[in-house]
Amino acid sequence: MSDTAPETFKDEVRCSTPNPDGYTTPDQQFLETNGRSISSLMSSRYGLKGTVIPRATRLGGSRGYDPNEPAVVNVDPDDRVHSCTIDLGKLTPQDLAFAYKEASSGGSPDLRAVAAATYSRLAEIAESASPADLLPGMATQNIMKAVPENYYVPPPQPTAIYVPPSPLPQTPPPVTSPFNIPYVPQAVPQPPVLPDHPTKHAIIEIDGLGQIDTWYHEIVFDGDFLILAYDTRYKFGTRFMPQRTEAPVYVKVTDGGKVFKVQSVGIRFTVAHMDQCVLLVEEAANLEV
């Protein structure tokens, strides 16, 4: 305990956690010595009461939050001007692309201001999403009424595959038994569909940190963004998603022969089973052989 801590904390820091695997409020956290709640010892100068988080796992993971599942996040809760709440389960990559293009259209050099405007627009899009357009376990497949009508996102074109018709099932002869029990064919359980191994190869170089040779299931480039996608159901690989950094980042995509200079601003989310990282493209060039 620091010497600058309040006197009321120095001898009364032991307290039990009511929910070791979830988040609680300071009102539910009590000191073992005198029974006072943690919230009674906290300053309410800014109207913030804080949150008691559970202990980390032995490997340093979180017990109360799964980063691979879309959830509701609070952006800058201590900023009264730019704070907002976003439901990631109601957003698509197209929503993210639209919100960023609209926020950066003014040409502001302040990256924090552009990020705040992007988050605010995403919150409006997620709030306007209709539950009827959502599928179980997936984000909305359409851009909702918050997106202008002239913003067109072409749907993916399916590939025609010929599937020969299956032969008609043969009706087995009735089973003769003393009880005259008819024969009822049983459905054969099908094994779960698992993704193939990642086939998109990339070499990521971060200034001052070296190179990382890695693979993804999808790498999408649309002119302003480079999206790295990894199917989390594939358990035998190692995925790398760049974190937010001010250092220059270079991505060499061997499939297609391109090299990109990008900004990594920490935009990452999960839609269905796809873990996605969005990088802002500054320059693109052909990869020299």
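So here's what we get for this one:
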| item | result |
| --- | --- |
| 2 or more residues over 17 Å from the mean Cα position of the chain (by Cα), basic (Lys, Arg) and closer than 22 Å to ALA97 by Cα: qualifying strands (runs of 3 or more DSSP E) within the stretch 209-289 | 258-271 |
| Meets criteria (part of a strand (DSSP E or B) and modelled with pLDDT of 85 or more) for ILE86 | yes |
| Residue check, ASP76 modelled with pLDDT of 80 or more, touching a helix residue (DSSP H, G or I) at 6+ places or on another chain (Cβ under 7 Å) and surrounded by 14 or more Cβ atoms within 10 Å (Cβ to Cβ) | no |
| Matching option when the condition is farther than 25 Å from VAL72 by Cα and without any contact (Cβ under 8 Å) to a residue 24 or more places away in the chain, among GLU205, GLU282, GLU218 | GLU282 |
| Selection within the stretch 230-249 - surrounded by 16 or more Cβ atoms within 10 Å (Cβ to Cβ) and farther than 18 Å from ASN68 by Cα | VAL249 |
| Cβ pairs under 8 Å, 6+ apart, first in the stretch 57-82 and β-branched (Val, Ile, Thr), second assigned to a loop (DSSP other than H, G, I, E, B) and surrounded by 10 or more Cβ atoms within 10 Å (Cβ to Cβ) | THR57/ARG63; VAL75/HIS82; VAL75/SER83 |
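Listed here are the residues, each with its yes/no results for (1) closer than 19 Å to GLN94 by Cβ; (2) touching a Ser or Thr at 6+ places or on another chain (Cβ under 9 Å).
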residue: ILE227; (1), (2): yes, no
residue: ASP231; (1), (2): no, no
residue: PHE236; (1), (2): no, no
residue: ARG239; (1), (2): no, yes
residue: ALA247; (1), (2): no, yes
residue: VAL253; (1), (2): no, no
residue: VAL259; (1), (2): no, no
residue: LEU287; (1), (2): no, yes
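The values are calculated or read from the model by the stated rules, or taken from the named source; none is laboratory data. Bear in mind the structure is a predicted one, so any value in this text is a computation, not a measurement. Don't worry about glycine lacking a Cβ; one is built from the backbone with ideal geometry, like all the others, and counts go over all protein chains shown.
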